[in-house]
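In what follows, a single structure is set out as structure tokens and then discussed.
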Amino acid sequence: KIVVVGNATDSSGNYAQGLIVERYNSSGSLDTSFGSHGVVEQLGGTSFGQGYAVAIQPDGKIIATGSGNAAGSGGTFPRVAVVRLNANGSLDTSFQGGGVDVIDLGAFSYALAVALQPGGAIVIAGSQAPGLQVPNALIARLTPSGALDTTFAGTGAYAHQYAQGASNSAFNAVAVQPDGKIVAAGAATIGNTSADALVVRFTASGAQDGSFGSGGVVYTPSANSYSANGGAVPGANGITIAPNGDIVAAGVYDNSVQTYATVWALTAGGALDGSFGSHGVSIYTNSAGNNTEYAAIGLSPS
């Protein structure tokens, strides 16, 4: 069966329906045994819930992450939201917040990605902007019951500005290696017009892994000139771990004239893998000259 997460608006365009979770049968029909006729809605109305990512636990429980408006430090703004459902779509009341947990990780904080560590810990990645216009990349870990895990990165959450000579970075994707190490991917600006795809590896306990890239961080170009105009920074949107340990990210490269769907492959040590594409990078160019972008990535069994 297939589980999807997203947002629903009312006829005026407001997020009145909030964060939604739907389940489909393998044939593509809506699974009406799930939630209410196949749909679960949470954080509706003035909570303005939005859903961005989903993970399925081995016991069939469903974790959906995103954001919801809530009061906290700095006033009422979007903050990280995590919802856990039982396999039938009902709220898991054993989870923090009775199944709907809105966590104050700073104003304008979003859980854009989620992954599970061995043992059931929940890793979320995204961004926060306590300065309201200065997004930082954000990673955090919850215990299997949904509480912020203070053994991770010292406080349970780590926010950092990875931009170089600028102030905009975010994690858009996260994956967990078989050894429990965490790989997060996203984008970071360079000055006002350039950007890098950003890949950071953390130890299982939340420290940047010094054996990867430079101090745990890899930058690889994703824009040599682009106009932000309030849009997302070009970079990595999806990430996966190959059986040989390679880390493969997918996203977009922007040269201000056109955007190109791009895949980057890194070795387990964080170097671009020269056996992949052109020096570790594969850029999709189509004959029609259309703008293209990859939003996610997965591996086939082969």
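The values are calculated or read from the model by the stated rules, or taken from the named source; none is laboratory data. Just so you know, these numbers come straight off a predicted model, no measurement behind them. Cβ coordinates were reconstructed from backbone atoms using ideal geometry, including for glycine residues, and neighbour counts include every protein chain displayed. We work out accessible area using only protein heavy atoms, side chains counted, and drop any ligands, DNA or RNA first. Shrake-Rupley method; radii C 1.70, N 1.55, O 1.52, S 1.80 Å.
Remarks
- Against the empirical 2.2 N^0.38 Å (N residues), segment 39-164 has a Cα radius of gyration ratio of 1.00.
- Each Lys and Arg contributes +1 and each Asp and Glu -1, all at the Cβ; summed about the Cα centre of the chain, the dipole is approximately 140 debye.
- Relative intensity, log₁₀ I(q)/I(0), of the chain from a Debye sum that treats every alpha carbon as a point, q = 0.08 Å⁻¹: -0.34
- Three semi-axes of the equivalent ellipsoid, segment 25-111, Cα gyration tensor, whole Å, largest first: 26, 13, 11
- In the chain, taking the dipole from charged Cβ atoms about the Cα centre, the farthest positive-side position among Ala137, Thr32, Gly97 is held by Gly97.
- The heavy atoms of Ser225 offer some 40 square angstrom of accessible surface to a 1.4 angstrom probe.
- Accessible-area value, Asp209, 1.4 Å probe, nucleic acids and ligands omitted, Å²: 10 Å²
- Highest mean first, the peptides 198-204, 72-78 sorted by other C-beta atoms within 10 Å per residue fall in the order 198-204, 72-78.
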